[in-house]
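Everything on this sheet refers to the single structure shown next.
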Amino acid sequence: MTESDEEFRARLRKFLTESHPGRRPKDPADRLAWQKAWLAELFDAGFAGPSWPREYGGMELSFARQVIYQEEYARAKVPGPLGTGPGIAAPTIIKYGTADQKERFLRPMLRGDTVWAQGYSEPEAGSDLPALRTTARREGDEYVVSGQKVWNSAADIADILFTLVRTGTRESRQKGISYLLIDAHASGVTVRPLRDLTGDAHFCEIFFEDVRVPVVNRIGEENEGWPLVRTSLGHERAAGAMNQATRYRRVLDELIELARETGAAADPLVRDRLADFEIRVRVLRQTGMRTISDILSHGEPGPASSTSRLFLVTFEQDLHEFAVDLLGPYGALGRDDPHAVQGGRWVWGFLRTRASTIGAGTAEIQRNTIAEQILGLPREEPR
């Protein structure tokens, strides 16, 4: 018998409720083990990778069920993927990788047995990735990699770094870039956490000093990594579209409740702002659904993923700015202050989202992509 969408929702909700891993541990090592155990249980039960092909351990869900999955997953408040591999590197490997590479890397990534981190941006090549300088010199069956990466999420817990390197001349720009998978524990790899405004270290910098990488760890052909980058970045912007939409549905509901508890909801100006956020969170859900539909129809999210990304980052910044204003004097209290409202979560979110318009391509880059590739406006000629 064919399972209906609502029966699927009920089965998924039952699993997420009964198998919930409990409260998040405070100790970093315990937290990592806790999250890995959850991902393994999710995979073993057949509830991992809603968009992944079945042959690599995924669920290969239809459009409607991917939406249901993201809604239920966010509702359950269970841990998400570790690292940035499943949403960014995996689509690239599925499309461009060899059969051996798919067999070696995909299932352990989805199960959480290996943690992946991105190595794209550099101190002199952030939004302008074609200017990257990290080099990979071919020596027989290996590359020797030297250089520096920065703003790398989860690199401190990663096992594998999916990295862009220069195999051509510096002048070759995007025509001389290759896509390498580097063992994060290899000799010559150094990872240093970077502390941000929140006091946490969400990002790292990576140093490569003559790191030897097997040629079989290159995805695609040498000097032809740029099309792979476009796939990775498109999926990076699309991967969290529905998940973020359902997450912010919950966050907005909690903000509305906070406004009611503090009496601020009686203010018509506050209600007007909350109504605006209500409209935007619904738009966020619709753009997320459109992105999933594009991937299912065309295999790629396309330039429209920049629309979703830009809308999301400006929305979450505006929402947290409003939340801090709503708190009044308490909006100056951080997580360590005993008088902080709700453990300082809104202030932490305000500080954390300062970086939203920088990560995964700056807001300016997203606007350029939308202008040139969606609206068809002419490119600005360099002066």
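The values are calculated or read from the model by the stated rules, or taken from the named source; none is laboratory data. The structure displayed is predicted, hence computed values, not measured ones. Surface areas here come from the heavy atoms of the whole protein model, side chains and all, with no ligands, DNA or RNA. Shrake-Rupley method; radii C 1.70, N 1.55, O 1.52, S 1.80 Å.
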request  = Under a cut-off of 29 Å between alpha-carbon atoms, report the lysines in cross-link reach of Lys77, not counting same-chain residues fewer than 8 places apart.
outcome  = Lys14, Lys26, Lys36
key: Degrees between helix 241-262 axis and first principal axis of the chain (Cα, 0 to 90, nearest 10)   = 30
note = Heavy-atom accessible area of the chain with neighbours in place, 1.4 angstrom probe: carbon+sulfur share in percent works out to 51
note = Over the stretch 118-174, with neighbouring protein chains present, the accessible area per residue in Å² at probe 1.4 Å is 43
request  = Give the Kirkwood hydrodynamic radius (Å, one decimal) of the stretch 115-223, defined as one over the mean of 1/r across all pairs of different Cα atoms.
outcome  = 13.8
key: Sequence-distant lysines (8 or more away, or on other chains) whose Cα lies within less than 20 Å of Lys149   = Lys175
